[in-house]
Structure formats: C-alpha cells, structure tokens
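Below: one structure, written as structure tokens.
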Amino acid sequence: MTIQPSNTPLLEWAGDSLAIGLFEDAVELTGELATLDQKFSGVLKELIAEEEFKGKANSTIFTRVGTGSGVRKVILVGLGKLEALKLDTLRRAAAAVARVAKKQKSKILGFSFPLWNNDAAASAQAIAEGVELALYQDIRFKSEPEDKGTQLETVELLGFSGEEAAINRAQQIVSGVILARQLVAAPANAVTPITLAETAQAIANEYGLQLQILEREDCEKLGMGAFLGVAQASDLPPKFIHLTYKPEGRPKKKLAIIGKGLTFDSGGLNIKGAGSGIETMKIDMGGAAATLGAAKAIAQLKPDSEVHFISAATENMISGHAMRPGDILTASNGKTIEVNNTDAEGRLTLADALVYADKLGLDAIVDLATLTGANVIALGEDIAGLYTPDDAVASELEKAAQTSGEKIWRMPMEEKYFEGLKSGIADMKNTGPRPGGSITAALFLKEFVKETPWAHLDIAGPVWTDKENGYNGAGATGYGVRTLVDWVLGTGE
Ligand code: BES
Ligand code: MN
Ligand code: ZN
C-alpha cells in the first residue's frame, strides 16, 4: 500500500472511494462540497438526510455515486465538534474510513480531511498512521491467509502536497508499533528471552545501534539478585538487553526506556489459578515490546537525544529451582527483598534494570510494565497509569500522550502506602496489601532509582484489546510506542 499526497482538486479526483470528513452539526454541504454534490447529482445531500448523519466522531456512512463521475463510492466520516478537534480525531476517523474502504473492496482511496491546528504535517502523519494501524493484520500463525480479498493499493491525501516527509515519519513510527504488536501477539513458545535479544540484535544491525546483551553470569557479577531470582526456574537463559541509539554530535538529552520483559508469567510458585488469565500471560513482555518498537522507530527518525533501550528479559516459571515464597533476594543496589509473592515478579526484574539505568548518568528514565491487575481495576483496559514523583517528566509524558492519542492518567505516589511493603526480616517485601496495589508496586520501583528523574507507566490494561478499538484491531495494540517516540522527540526541542 502506498500513501501519498495528491494535488488533484477535490472536484477532479477519481478513484474507488472518496472519504470526506465532516464536523458535527455542520454537515450542510457548502462551497466546494456543494459543487461536488452537484457533480454527484445530489446524492450526498440525500444520503446525509436519509441516514440522519450528524457528523458524530467516527460515524461513517457511504454510498455509491453515479458511474461516469470517476468516483465509485463516497464515504462520509464524522469528526465530532470542530472546537474539540484533536490530532487523534483525524487518526481515528482515518482508521474508520480505511476499514470501510477495505470492506468495499476499494483499491484507490482518497481523503479530503481538514487540518488539525493548521498543521498539515501533523495532520498528514496522523491520517497515515490511522490507515496503516487499522489495516494491519497478523497472519504469521495462520497456515493460510483467511483474508484473500481486495487490498487497498493507493491512499491519496488531497491537499497535502509536500507532506511526503510527514507520511514517511508515520510509516517509520508504525513499523515500530507493528513490531511491538507482533512481539506481544506471538505466544511464549515463539517469543522468548533469546528471541527478544535476537530482535534487539536485528534492530542494532539494521539501523546501526549499539547492543550489549548481559548473560546470566554478567548479571551475577553485577549482583542482579532480584532479576535472577525470577529467572532461576526457567529452562531458558535470562537476557539483559541494552540497546543504545546515539545521535550524531552532542546529544541534547540522554534518556532511558525500560520495558518489563516477562515472556511468560506463570506466577511462579504462587501460580496463577483458574480465571487469572494465565493463558494470556504471553503479553507480560508488552513493556519490552514497546521499548523495542520505540527503538525501531527512533533509530529511523534520528532525534538528537541519546536513548537507551533496556529490558531484563526472562520467564517466571516453576521448577525445583524456583524461588520460594518467603525467599530473600538481594538486588544490585544491595537492597534485600522478602519475596512474599512470586507473582509480583515484574518489579523484581525492573528493580535491577532501574539500578543499572540509574548508573548511566541520564536525564530521565521511563519504564513501561504490564505490572499490576490493580491498575486495570483502577483505570480500566484503555488507560495506562502514570506514576512519578517528578512533575516535569509527568507533564512531558502527558503532552506526548496527548499527541499520540494513547491514554494515560497520573496516579498518586502515596508515600504512606510504603508501610504495606515493610518486612520484619528484609529491607522490604515485594507485595503489599490488595488496596492500592498498583501504587505500592510503583513505590517499590522507586526504591531502585536514586539519581535520575523517573516515571513508570503501568500498561497492563492497554497492551491488549479483546475487540476492535479505534485504530487497534482485536489483540495486541503496540501501546506505548507512539507516546515514547513523541516523548523522545519532544524532550529534544
Ligand atoms: N503480569 C502480572 C500483571 C498483569 C495482570 C498483567 C493482568 C496483565 C494483565 C503481574 O506480574 C502480576 O502477576 N501481578 C500481580 C501482583 C500481585 C501478586 C501483588 C497482580 O496484579 O495480581
Ligand atoms: Mn506476576
Ligand atoms: Zn507479570
């Protein structure tokens, strides 16, 4: 599929489907659209009246228009209220259009969309992202593709002449999102700590990034007892992945992105029971997936900040070697942890990754983790929890999420709740009481970052969607990649 700008005037455009974005309560066809309607013998006006189309965000209607006009079908898509227009409105509307066009077996699709904020580049990028993200299908594990239907071949953005670079940026970012989706969607017998390290190697090779993989022995030397405690029951070797992007010249900032990389979470000896979703726990490397997806995108976008992509990758399994509930582990900063629940394993792996990143002398660290069910209870499936003591990093991430359309919500770091993690025998326990479970998890992580401004995103909800949602199909969403990219680009300003 090619996405390209077009300078063909609306009235002259020819192709299979022409998509027109209309604002809510402003669906009267005036000016150029009135002329277009005349060209189509008034069929648009009829359609709007018949379907009682009001322009509500993401509502779509379509009709066949007279042959001979050069256009087979017109798709009208609602953009909501003009004053509420966001970049993400365009992205979602473009996704809705792409799905309709595909169902209609369109090969050539034209977009006549307004600009967000008079910004042609950002608007073109959002439309291209919406189309690409909505149409992506994962057929890697099917012996035969089910969907043999007509595919979109050409998408033209009318009035976006000169925005090739913006469309190219969209495609670079989408390649990262799709990598993240593929990593999360692949089962735990396909994506392992070994293959995650191989994926990092492939990115390093393709784009010229530096890569360091710390093996078990290297991690032992660094005293990463928390990470290795989680890894000790798996038959697969743990891999501590550290991929680095360095810009040409002096970096404006030095940043780290850390992703929880549990390629499978059985719960360990506190095994996940029936109804716990154990069969979905291949998703527990969603943080690492977003990290590697962001690396792929950032390596192509070449921002002027240095970025470290880190994941302590392992499985949480059961064997005679497994850590026992009650065992005490020592993390690489010397802190001792009483493991009162082996299913709170993500924070143990992140502890050593955070200590490692904290020593790199960076301006900021963001970690992403499918950390707690409690975060899903608090914020639902669509919204990630943002936990940070640092207001500056918080607002950078909130701004980035606003641009990307990925929803985040800042949660409190209630210091008093740390009492729930107090241990009679070690420095702390890894699990507090059920109430506020996502907050105590974040407070636990905070113990392992001392030098660097840091934020934690709990992505247990949005990493996956059971049903089609905006530009996400059912399944892995690639959540986090676009926000991370916007964050890295934005902090370089
Ligand atoms: N990987 C899970 C969290 C999770 C839950 C991710 C649902 C995605 C969807 C994590 O390792 C875990 O098991 N957390 C426990 C913590 C508890 C033992 C304190 C949880 O949330 O129940
Ligand atoms: Mn767990
Ligand atoms: Zn987990």
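Values in this text are rule-based calculations from the coordinates and carry no lab data. Every value quoted in this text rests on a predicted model; they were computed, and no experiment measured them. Cβ: placed from backbone, ideal geometry, glycine included. Neighbour counts: every protein chain shown.
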Straight-distance crosslink candidates among lysines, where the alpha carbon sits under 17 Å from Lys102 and sequence neighbours closer than 8 are dropped: Lys73, Lys148
Candidate aspartates and glutamates - alpha carbon under 16 Å from Lys302, same-chain residues fewer than 8 apart omitted: Glu206, Glu248, Asp486, Glu493
Convex hull (Cα only) mean projected area of the stretch 73-220, reported in nm² to one decimal: 12.5 nm²
Trypsin sites (Lys or Arg not before Pro) restricted to DSSP loop in the stretch 408-493 with at most 11 other C-beta within 10 Å: Lys467
Sites Trp409 and Glu12 - FRET efficiency at Förster radius 60 Å, r taken between beta-carbons, to 0.05: 0.85
Sequence of Val177, Val393, Val77 once ranked by neighbouring C-beta atoms within 10 Å, starting from the fewest: Val393, Val77, Val177
18 Å cut-off, amide nitrogen to a point 7 angstrom out along Ala190 Cα→Cβ, residues in the stretch 238-279: 262-265, 279
Listed peptides 258-269, 361-372, 158-169, 296-307 by packing density, highest first (mean Cβ within 10 Å): 258-269, 361-372, 296-307, 158-169
The chain - Rg (one decimal) and Dmax (whole number), Cα, Å: 24.3, 82
For Tyr471, net neighbour charge (Lys/Arg +1, Asp/Glu -1) across residues whose Cβ lies under 14 Å away: +3
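So which of Lys296/Lys335; Lys221/Lys252; Lys45/Lys105; Lys81/Lys260 end up more than 30 Å apart, counting from Cα to Cα? Don't jump to the answer; show the numbers that get you there.
Numbers: Lys296/Lys335 34 Å; Lys221/Lys252 32 Å; Lys45/Lys105 24 Å; Lys81/Lys260 39 Å.
Violating the 30 Å limit, Cα to Cα: Lys296/Lys335; Lys221/Lys252; Lys81/Lys260.
Restricting to lysines 8 or more places apart or on different chains, can you count the pairs in the stretch 390-448 with Cα atoms under 21 Å from each other? Intermediate values should be presented prior to the final figure.
On the way: Lys399/Lys407; Lys416/Lys429; Lys416/Lys446; Lys422/Lys446; Lys429/Lys446.
For the stretch 390-448, the number of qualifying lysine pairs is 5.
Which of the helices in the chain, when you take each full DSSP H run, stretch at least 24 Å along the axis at their Cα atoms and have an average Kyte-Doolittle score of 0.0 or higher? Write down the numbers at each step before the final one.
Values: long enough: 87-103 (25 Å, 0.08); 164-185 (31 Å, 0.68).
Counting only whole DSSP H runs, the qualifying helices are 87-103, 164-185.
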Neighbour net charge for Leu115 - beta-carbon separation under 13 angstrom, K R +1, D E -1: -1
Value of relative contact order over the chain, rounded to a whole percent, pairs C-alpha under 8 Å and six or more apart: 15 percent
Net charge of Cβ neighbours under 13 Å - reference His308; Lys, Arg +1; Asp, Glu -1: 0
Packing-based ranking, highest mean first, of 321-331, 16-26 given that Cβ atoms within 10 Å are counted: 16-26, 321-331
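Express in nm, to one decimal, how much length is gained between Lys148 and Ile278 on full extension, taking 0.36 nm for each residue of separation and deducting their alpha carbon distance.
So the extension gain works out to 43.5 nm.
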Fewest-first sequence of Trp409, Trp487 by Cβ atoms within 10 Å of each Cβ: Trp409, Trp487
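How high is the FRET efficiency between Ile328 and Leu82 when r is their beta carbon distance and R₀ equals 51 Å, given to the nearest 0.05? Could you put the intermediate results ahead of the total?
On the way: r = 60 Å, r/R0 = 1.18.
Efficiency, from the Cβ-Cβ distance: 0.25.
Which of the peptides 226-239, 204-217 is most tightly packed, and how do the rest follow, going by the mean number of other Cβ atoms within 10 Å of each residue?
On the way: 226-239: 22.9, 204-217: 14.7.
The densest-packed peptide leads the list: 226-239, 204-217.
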Karplus 3J(HN,Hα) series, Hz, for the stretch 255-267 with 6.51 cos²θ - 1.76 cosθ + 1.60 (x for Gly, Pro): 10, 10, 10, 10, x, 4, x, 8, 6, 7, 10, 7, x
Gap separating the Cα centres of the stretch 108-161 and the stretch 366-430, nearest whole Å: 33 Å
Mean residue ellipticity (222 nm) of the chain, computed from DSSP H runs ≥ 4 via -39,500 (n - 2.57), nearest 500: -11000 deg cm²/dmol
